[in-house]
Every structure is written in structure tokens, then in C-alpha cells.
Amino acid sequence: MIITVDGPAASGKGTLARRLARHYGLPHLDTGLLYRGVGYLLLERNRALDDATTAEAIAQSLDLTKLDADALRADRISEAASYVAAMPGVRAALLKMQQDFARQPGGAVLDGRDTGTVIAPEAEAKLFVTASPEERARRRHVELATRREPTEYCEVIADIRKRDERDSERSVAPLKPAPDAVLLDTTQLDIEAAFRAAIAIVEATRAGRARS
Ligand code: C5P
């Protein structure tokens, strides 16, 4: 079974995808880490964020095992990732690795932007996880504080809105649910309630497929 989980920044899609993967005993790929890896290496090499040629070369030889996933989640990398993710050459370079992951025997859980549309349109269950910008900013604010990256709430929400806008308006893989994705709004849900709702969606989708 392939499950894809998409949604805007700080919607909780990563946490839900990891929990779904554990629940169903499936391998999990956080595809955002790939774009974060490219953004991180671009910054490391002191290149401009719009240097598409270098970004594409980095994407072609990206080896995530050599990068520290925790460092990739830092705030300045989020910004760089959303820049390089808008480059068609970078997306093309990262496509095969993601498709191979999705199509391994037994299936997988993938979270990230175009997982349900481009990477694995054949996925059995597709979730689009969302929450209000204020609630996403509140969660991100708490996360940054625990990562010892204290930031003002007003800066976090401004950043979330900027990323939403850049992710929604870009021409390649814009932020929008796959037509057959099920929307899960977690604004009023804690992680346990959101997880139960996600399982219910996956099970309902499976049952629906079994019947048809
Ligand atoms: O999900 P995460 O916040 O780690 O993603 C970082 C950035 O990478 C997002 O802002 C998004 O623009 C981009 N991304 C993407 N396609 C994916 C995963 C992430 O465009 N499959």
C-alpha cells in the first residue's frame, strides 16, 4: 500500500506520516528533506538561492545519508528549500529516487508536496493535512523554542504566510490537494486525535477500493 500525505508548512503532515508508517509497518520518506538538503548545500557553497544550475547539480548527486536531518529542519533551511523546490530542474533530478522509494515491494508512506500527484498518483490513500495559519504558526513557534531557535510569534506567522504564498503561486507543483485526496483539518485536533482521524481516512479509502 502507498500512502501520500501533503499539506502546507507546519501542518503536522510529517508527524502524521511517520505515525502512519509505524502503524502499517511501512518505510517512510519525508520528501521535504530532499529539497532541504539541496537548499542546505547551496547555502554551504555560498551560492545565491536563485542559482538554479548549481541547485540542479546538487540535486543530481544528493546523498541524504550524508546530511544531518535535524540540521536540515532549521528555519533558514526552510526558506532555501522553498526556493529550490520551485526549480523544475531540481524537481526532475529528485523524481526517480522518490518514485523508486514509493514503488518498493509492500509500499511506503511519503509526505510532501507532489507525492500524491506526480510521485505516486497510483497511491491507495492520499491525505491533505491542513490547519489554520495561526495554529500552524503556534506549533512551529513551540517547535523552534524546543530546538533552541527562539523566534517571535509574529515573525513565525509572517514566515508561514510567505511560504504558503510562494508554495501556492509557483508554477511547478503548487500547493494544492490532489483531486482524490481527503482533506484533514487538524486546527482543533491534538496529535492523537489527528492520528485517529488519519487512520480512519486510510481505512475508509481501502474499504472503498475493496468494494469497487
Ligand atoms: O515539508 P517541508 O517543510 O520539509 O518542505 C520544505 C519545502 O520543500 C516546502 O516549502 C516545499 O516548498 C518544498 N517541498 C516540495 N515538494 C515536496 C516536499 C517539499 O516542493 N515533495
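The values are calculated or read from the model by the stated rules, or taken from the named source; none is laboratory data. As the structure is a prediction and not an experimental result, all values here were calculated from the model. As a convention, Cβ positions derive from the backbone with ideal geometry for all residues, glycine included, and neighbour counts pool all protein chains shown. The area values use the complete protein model at the heavy-atom level, side chains included, leaving out ligands, DNA and RNA. Shrake-Rupley method; radii C 1.70, N 1.55, O 1.52, S 1.80 Å.
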Determine whether segment 157-174 contains at least one residue that is assigned to a helix (DSSP H, G or I), β-branched (V, I, T), out of contact with any Leu (no Cβ under 6 Å at 6 or more places or on another chain) and open to solvent by 50 Å² or more (accessible area, probe 1.4 Å). no
Of the candidates V129, V118, the one satisfying the condition of being buried (at least 18 other Cβ atoms within 10 Å of the Cβ), outside any loop (DSSP other than H, G, I, E, B) and in contact (Cβ under 8 Å) with a residue 40 or more places away in the chain is V129
Give the number of residues within segment 1-13 that are open to solvent by 20 Å² or more (accessible area, probe 1.4 Å) and either within 13 Å of the ligand (Cβ to nearest atom) or of a type in the set (D, E) (or both). 3
With the condition kept exactly as written, say whether any residue in segment 19-28 is of a type in the set (K, R), under 23 Å from P105 (Cβ atoms) and either touching a residue at least 24 places away in the same chain (Cβ under 8 Å) or open to solvent by less than 20 Å² (accessible area, probe 1.4 Å) (or both). yes
From the list A81, A93, pick out the single residue that is in contact (Cβ under 8 Å) with a residue 24 or more places away in the chain, assigned to a helix (DSSP H, G or I) and within 17 Å of A9 (Cα to Cα). A81
Checking E134 against (1) over 20 Å from I160 (Cβ atoms); (2) more than 13 Å from the ligand (Cβ to nearest atom); (3) surrounded by fewer than 15 Cβ atoms within 10 Å (Cβ to Cβ): exactly one of these is not met. Which one? (1)
Can you tell me which residue in segment 71-82 is nearest to the ligand (Cβ to nearest atom), limited to those that are at pLDDT below 90 and farther than 18 Å from T115 by Cα? S78
